[in-house]
Amino acid sequence: MALGSIDIANGQIYFRSNHAFGLTPTAVWALNGTGTTINLGSGGIYTYLFANYTGFGAEVWYVGNLTGIITLPAIAGLFRVTNWTLLGPGAGAGVPDRGITAMLLGLALWALAISRRFAIS
């Protein structure tokens, strides 16, 4: 979204701040919850916090540099927080290697089989 813009998608209204964040890390779902108290652990586990507010919409915060227990704002405007989602690091952080390990294992087993075949002859 462009800076300072408003968009509607999936029944939600999205407001984009005027802050130019630069490149931000990608993220994948990690944990859902309710209430206003959230334990972020020792840090680096979560990247973003997405909170839904009844009748208001949602707020997103970068929490990648925070640790321990945090408290969400219980009210946004006149609306109360309903639930939240934590998102963890995305691509490049703990993502499977797309089969390279399996391919190398297969290649090693094939080489072992070939060397055994020639060693017996």
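The values are calculated or read from the model by the stated rules, or taken from the named source; none is laboratory data. Everything numeric here is computed off the predicted structure, so don't read it as measured data. Every residue, glycine as well, gets a Cβ built from its backbone with ideal geometry; the counts of neighbours run over all protein chains shown.
Considering (1) modelled with pLDDT of 85 or more; (2) part of a loop (DSSP other than H, G, I, E, B), say which one G22 fails and leave the rest.
With respect to (1) modelled with pLDDT of 85 or more; (2) part of a loop (DSSP other than H, G, I, E, B), G22 is out only on (1).
If I ask for residues that are at pLDDT below 90, touching a Leu at 6+ places or on another chain (Cβ under 6 Å) and polar (S, T, N, Q), which ones from the range 25-68 would you list?
Scanning the range 25-68 gives a single hit, T47.
Go through the range 1-19 and count every residue that is modelled with pLDDT of 75 or more, out of contact with any Ser or Thr (no Cβ under 8 Å at 6 or more places or on another chain) and small (G, A, S).
Residues flagged as modelled with pLDDT of 75 or more, out of contact with any Ser or Thr (no Cβ under 8 Å at 6 or more places or on another chain) and small (G, A, S) within the range 1-19 amount to 4.
Those residues that are without any contact (Cβ under 8 Å) to a residue 24 or more places away in the chain and either part of a loop (DSSP other than H, G, I, E, B) or among the basic types (K, R) (or both), I need them from the range 45-78; list them, please.
Answer for the range 45-78, where residues must be without any contact (Cβ under 8 Å) to a residue 24 or more places away in the chain and either part of a loop (DSSP other than H, G, I, E, B) or among the basic types (K, R) (or both): F56, V63, N65, L78.
Going by the conditions given, is G90 within 26 Å of M1 (Cβ to Cβ), modelled with pLDDT under 80 and either of a type outside the set (F, W, Y) or loosely packed, with under 14 Cβ neighbours inside 10 Å (or both)?
yes
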